[in-house]
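Below is one structure, written out as C-alpha cells; the observations come after it.
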Amino acid sequence: MAKSQSVFVCQSCGAVHARWQGRCEACGAWNTIVEEAQESPQAVSPSARARGKGPGLSFQALDGVAQAPPRLATGIGEFDRVCGGGLVEASAILVGGDPGIGKSTLLLQAVAGAATRGIKSVYVSGEEAIAQIQDRARRMGIEKAPVQLAAETRLETILEALKHEKPQLAIIDSIQTVWTDTLTAAPGTVAQVRACAHELVRHAKKAGTAIILVGHVTKDGQIAGPRVVEHLVDAVLQFEGERGHHFRILRGLKNRFGPTDEIGVFEMGDAGLREVTNPSQLFLDNRGHARPGSVVFAGIEGTRPVLVEIQALASPTAFGAPRRAVVGWDTTRLAMILAVLETRCGLAFGGRDVYLNVAGGLKISEPAADLAVAAALVSALFDQALPEDCVVFGEIALSGDVRPVSRADARLKEAEKLGFTQAFLPRAASSNTTATTSSQTRRLVAGQSGVKHRVIATAADLVTTITGQEYPETP
Ligand code: TYD
Ligand code: MG
C-alpha cells in the first residue's frame, strides 16, 4: 500500500525540504515554505511490468524526413514573429509579465485575430468576468471575432470543456488562478500551478491544441511564482515595459520552435495594442539636437537591428560616496566601463554621481553597447556632444581594447535607413591588420553601407576622438 507523506516546498523557488523552517536555504526567502502532501510513487503493477518486457520503444534515425510543424498565424505580425512564425499545434506557451502590463489585452487581440482567420479559439479567464472581457473587446473593436469566452478556474471543468469543444487555440488567463480538486493547497501555490500547468500541457500534446498560459511575474521577476512552469512548456514569452511608457515589448526567452531573444514591439493605446514595425523610429522619437551625454547605440534585438539612445549624466557628488544609477542596462557592466575609463584613459569619475539611462524603457543586454555607454560617459564628463548623425557600437575589454561585434552590416544598414551618416565602431573582425596606428584608425573610411566608419581601437582612442585631445585632464 503506497503511503502518502508530507514534504515542505518553498513557494518561491520550488525547493523541497524535509521539515518546516522559517527561511528557504535554496533561495533565501522567508516564510515561503508550505507543507504539501506527496504521494509516494506507486508500485509497478504486474501489467505494466509485462508491458515493459517487449521492445515497447522503437528508435528512429536522426535524418528522418523533417516536416516543419504547421503554424497557426494570429495575424498579429509582431506576436507571430516572436513565436517563430505563428503558433504550433500541440504546443504550450507561457506568457509572463507584471500585473497590468497588458497580457490579457495582447492575448485577447491574438485570439481574436486567430478566430477571425478561421482558427477555432477559446479564451478562458479566471481573473475577469465575461462582461468585463466583452466590454474590453468592444472598446478594442474586435467584438465580432468568433471567440468562445468562458470564466472558470477549476481545472477539471476547463479540461472537460476543452475536450468537448476541441479548439485549435486555447488561452488560459492566468495559470495562477487555476486549481485542481486533487490537491488541498491553495490556488497560486507552487503545487497547484505545477499540477495544473502539467495537466494543461498534457492536454495540449494529446489533443493537438495550442495552449497559451498567462503567468504573473513575482516580485523578483520570475514567471509563475517560481520557475516550475518554464520547463513544462515549449516556449516562454515575456511581456515587459515601463509603466510610464506606452510601448511594450514581447520577448522570447525560450522557444522550441523558433529563435529566442526575438522581440515584438507594441504601443498601448486607447484601442488596445498597436504593432510597431519600425522600433528604431519609436526609440529615437523626440530626439532633438545632439546633446552632451547622449549617444545612439546601433543594437541587435533578436534578429532585428534596433537603434536606441543611451543617455549619461555625470554630476558632481554633493557628499559621501558617489552614486551610480542605471536604468535599462547592467550595473556591474557600468562599473566595469567606469573602471576601464579610469584606469586606461586616466579619467576621474570618483567625484561624480553617474546616471545611465536607456531611452524609452528598453532593456539592453548586449556587450556591444559598451562602446556606446563609454561614449555617453565621456561625452557627459567633458560636456562634448558627439556628431548628431552618428551611431556607436563595440565591446570593450578590460584591457581597454575595443572588440568587434556580430552583425555589424545589419547595424550599419539600419543606421543608414534612419539617416545616420557615420559610425564609431571596432575594427572589423575579419581585418588582420594588427598594428594599426591610432592616426590610421581614426581616419574616416567610406564603408559599403554608405555610413562613414570611424574605427575606434581602444577606449583611449574613443576619448581622443570625442575630446580632440590625447589623455585630457578631467574637468
Ligand atoms: P491588462 O491586459 O489587463 O494587463 P494584465 O493582463 O497584464 O494584467 O492591461 C491593463 C492595462 O492596460 C490597464 O492599465 C489599462 C491598459 N489598457 C489601455 O491603455 N488601453 C486599452 O485599450 C486596454 C484594453 C488596456
Ligand atoms: Mg490580465
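The values are calculated or read from the model by the stated rules, or taken from the named source; none is laboratory data. Remember, predicted model here, so these are calculated numbers, not experimental data. With ideal geometry, Cβ positions are generated from the backbone for all residues, glycine too; neighbour counts draw on all protein chains shown. Heavy atoms of the whole protein, side chains included, go into the accessibility calculation; ligands, DNA and RNA do not. Shrake-Rupley method; radii C 1.70, N 1.55, O 1.52, S 1.80 Å.
Quick notes
- Filter pass, residue 361 being farther than 20 Å from residue 396 by Cα and in contact with an Asp or Glu (Cβ under 8 Å, 6 or more places away or on another chain): yes
- If you go through the range 143-167 and pick out every residue that is open to solvent by 50 Å² or more (accessible area, probe 1.4 Å) and in a loop (DSSP other than H, G, I, E, B), you end up with 5.
- Some residue of the range 62-79 being within 16 Å of ligand 1 (Cβ to nearest atom), closer than 24 Å to residue 154 by Cα and not in a loop (DSSP other than H, G, I, E, B): no
- There is no residue in the range 386-404 that is farther than 24 Å from residue 248 by Cβ, free of Cβ contacts under 8 Å to residues at least 60 places away in the same chain and open to solvent by less than 10 Å² (accessible area, probe 1.4 Å).
- Among all positions in the range 362-373, there is no residue which is surrounded by 24 or more Cβ atoms within 10 Å (Cβ to Cβ) and more than 26 Å from residue 253 (Cα to Cα).
- Residues in the range 405-423 that are open to solvent by 50 Å² or more (accessible area, probe 1.4 Å) and under 14 Å from residue 301 (Cα atoms): 406, 407.
- Residue list for the range 84-116, restricted to those being in a loop (DSSP other than H, G, I, E, B), within 16 Å of ligand 1 (Cβ to nearest atom) and among the charged types (D, E, K, R): 98
- Residue in the range 120-141 that is closer than 22 Å to residue 265 by Cα, open to solvent by less than 10 Å² (accessible area, probe 1.4 Å) and away from ligand 1 (no atom under 16 Å from the Cβ) present: no
- Count of the range 285-305 residues which are more than 20 Å from the chain's Cα centre (by Cα) and open to solvent by less than 30 Å² (accessible area, probe 1.4 Å): 4
- Hits in the range 350-361 (condition: over 18 Å from residue 267 (Cβ atoms) and crowded, with 19+ Cβ neighbours inside 10 Å): 352, 354, 356, 357
- Residue, nearest to residue 154 (Cα to Cα), within the range 104-129, restricted to residues that are within 11 Å of ligand 2 (Cβ to nearest atom) and over 20 Å from the mean Cα position of the chain (by Cα): 126
- Screening the range 257-279 for residues that are over 30 Å from residue 139 (Cβ atoms) and in contact with a Lys or Arg (Cβ under 8 Å, 6 or more places away or on another chain) and picking the one that is modelled with the highest pLDDT gives 260.
- Meets criteria (under 27 Å from the mean Cα position of the chain (by Cα) and hydroxyl-bearing (Ser, Thr, Tyr)) for residue 177: yes
- Test result for residue 254, under 18 Å from the mean Cα position of the chain (by Cα) and either more than 13 Å from ligand 1 (Cβ to nearest atom) or modelled with pLDDT of 90 or more (or both): yes
- Condition check for residue 101 on (1) at pLDDT below 95; (2) within 19 Å of residue 141 (Cβ to Cβ); (3) within 16 Å of ligand 2 (Cβ to nearest atom): one failure, at (2).
- Listed conditions (1) assigned to a loop (DSSP other than H, G, I, E, B); (2) surrounded by 24 or more Cβ atoms within 10 Å (Cβ to Cβ); (3) among the hydrophobic types (A, V, I, L, M, F, W, C) are all met by residue 232, apart from (2).
- Selection status of residue 48, open to solvent by 60 Å² or more (accessible area, probe 1.4 Å), at pLDDT below 90 and more than 22 Å from the chain's Cα centre (by Cα): no
- For the range 168-182, the candidate set comprises residues that are outside any helix (DSSP H, G or I) and touching a residue at least 40 places away in the same chain (Cβ under 8 Å); within that set, the residue that is farthest from residue 91 (Cα to Cα) is 178.
- Residue pairs meeting the criteria (Cβ under 7 Å; at least 6 apart or on separate chains; first farther than 14 Å from residue 109 by Cβ and among the aliphatic types (A, V, I, L, M), in the range 124-138; second more than 10 Å from ligand 1 (Cβ to nearest atom) and assigned to a loop (DSSP other than H, G, I, E, B)): 124/152
- Filter result for residue 55 (surrounded by fewer than 21 Cβ atoms within 10 Å (Cβ to Cβ), within 16 Å of ligand 1 (Cβ to nearest atom), assigned to a loop (DSSP other than H, G, I, E, B) and at pLDDT below 95): no
- Test: residue in the range 306-328 that is out of contact with any strand residue (DSSP E or B) (no Cβ under 8 Å at 6 or more places or on another chain), surrounded by fewer than 18 Cβ atoms within 10 Å (Cβ to Cβ) and either in contact (Cβ under 8 Å) with a residue 60 or more places away in the chain or assigned to a helix (DSSP H, G or I) (or both): no
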